[in-house]
Amino acid sequence: MIDSTLDQPGAGSVPDEVLMKDISRRRHDALTELYGRHSKRLRATIDGVVHEEAEADDVLQEIFLQVWEEASRYSPKAGKPLGWMVTIARRRAIDRLRRRQAYCRARDRYEKRVIQDSQTPRRDASRTLVLNDLHHFLKKSIRALPQLQREAVELAFFTASAKSMTRSRGAAASERNF
């Protein structure tokens, strides 16, 4: 009985459907109101899948970004806004969990390979295959990131790679001078 009142607008409040129209018109206050009404319930849905606070915060933020970007596609005929947002929350939380599990599997494969490589003579062909597998996995994972996160990762990686290459070239040049 208490739960059913949590998601109902109070006296004088605007219905969720009207908030969605306002959000599609880029009214920040409407998104703030919708967030205030439903963020706890959505967070509970996410927590039921993800079980990590930082990741749950990220997923919640992604949900409201998606609501902001796709509010104009929402149709009251398809159901209530809360139902739409819960569906988004669940899908995004499951996607996040799958990504984390895939990362853990890749890390485990990598650790096993490192242990095997340290115990057996080096074989360049197998090492190339492992690195190629890791390369494809990382490339696919980076493509799955939202554009801003993807750009941040690419900038951080390539900047670090460029600095590393510059340092190693400088070290090699200084060794040749001695």
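Throughout, read-outs are computed from the coordinates displayed, never taken from laboratory work. Remember, predicted model here, so these are calculated numbers, not experimental data. Glycine also receives a Cβ, built like all others from the backbone with ideal geometry; neighbour counts cover every protein chain displayed.
Between beta-carbons, use under 13 Å as the cut-off and find the net charge around residue 146, counting Lys and Arg +1, Asp and Glu -1. Walk me through the numbers on the way to the answer.
Values: positive: 92, 96, 99, 143, 150; negative: 58, 62, 69, 95, 151, 154.
Once positives and negatives cancel, what remains is -1.
Ranked from highest to lowest mean number of other Cβ atoms within 10 Å per residue, what is the order of the peptides 38-46, 69-77?
So the order, starting with the most tightly packed, is 38-46, 69-77.
What list do you get for 34, 134 if you sort them by fewest beta carbons within 10 Å?
Values: 34 23, 134 15.
Arranged by neighbour count, lowest to highest, 34, 134 become 134, 34.
In whole Hz, what ³J(HN,Hα) sequence does the range 83-90 give by Karplus (6.51, -1.76, 1.60; θ = phi - 60°), x for Gly and Pro?
3J(HN,Hα) across the range 83-90, in whole Hz: x, 4, 5, 5, 4, 4, 4, 4.
Under a cut-off of 18 Å between alpha-carbon atoms, report the aspartates and glutamates in cross-link reach of residue 112, not counting same-chain residues fewer than 8 places apart.
Cα-Cα hits under 18 Å: 124, 133.
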